[in-house]
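The values are calculated or read from the model by the stated rules, or taken from the named source; none is laboratory data. Because the structure is a prediction, the values reported are computed rather than measured. Using ideal geometry, Cβ is built from the backbone for each residue, glycine included, and neighbour counts are taken over all protein chains shown. Surface accessibility is based on the protein's heavy atoms, side chains included, excluding ligands, DNA and RNA. Shrake-Rupley method; radii C 1.70, N 1.55, O 1.52, S 1.80 Å.
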Amino acid sequence: FLLAVVSIVTIIGGLMYVVEGPANGFASIPTGIYWGIVTLTTVGFGDITPKTPFGQFIASLIMLLGYGVLAVP
């Protein structure tokens, strides 16, 4: 289970770095991974937020995935 969650966060973090880029606060892939962990665990600090519509769509999917995988069980 933990390996699946870490894999998802790593893939989504890299994807958000590619989609949003340094101009929107995603300065590196580890920053994207940090954002993915915060979003997936439903903590949502708000220090890094997606600005593009596609990035916001991905964020919405991650939020729903977080509720389904971590929060509900």
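So how many residues does segment 37-73 have that are open to solvent by less than 30 Å² (accessible area, probe 1.4 Å) and small (Gly, Ala, Ser)?
Going through segment 37-73, the residues open to solvent by less than 30 Å² (accessible area, probe 1.4 Å) turn out to be 38-40, 48, 50, 55, 58-59, 62, 66.
Adding the requirement that they be small (Gly, Ala, Ser) leaves 55, 59, 66.
Residues meeting the conditions: 3.
For segment 7-21, which residues satisfy the criterion of being touching a helix residue (DSSP H, G or I) at 6+ places or on another chain (Cβ under 9 Å) and without any contact (Cβ under 8 Å) to a residue 12 or more places away in the chain? Steps first, please.
First, pick out the residues of segment 7-21 that are touching a helix residue (DSSP H, G or I) at 6+ places or on another chain (Cβ under 9 Å): 8-20.
Of everything in segment 7-21, those that are touching a helix residue (DSSP H, G or I) at 6+ places or on another chain (Cβ under 9 Å) and without any contact (Cβ under 8 Å) to a residue 12 or more places away in the chain turn out to be 11, 18.
Among the numbered conditions (1) within 9 Å of the chain's Cα centre (by Cα); (2) modelled with pLDDT under 95, tell me where residue 43 comes up short.
Going through the list (1) within 9 Å of the chain's Cα centre (by Cα); (2) modelled with pLDDT under 95, residue 43 breaks only (1).
Could you list, in sequence order, the residues of segment 20-36 that are surrounded by 17 or more Cβ atoms within 10 Å (Cβ to Cβ) and out of contact with any Leu (no Cβ under 8 Å at 6 or more places or on another chain)? Don't jump to the end; show me each part of the working.
First, pick out the residues of segment 20-36 that are surrounded by 17 or more Cβ atoms within 10 Å (Cβ to Cβ): 20, 26, 31-36.
Within segment 20-36, 20, 26, 31, 33, 34, 35, 36 qualify.
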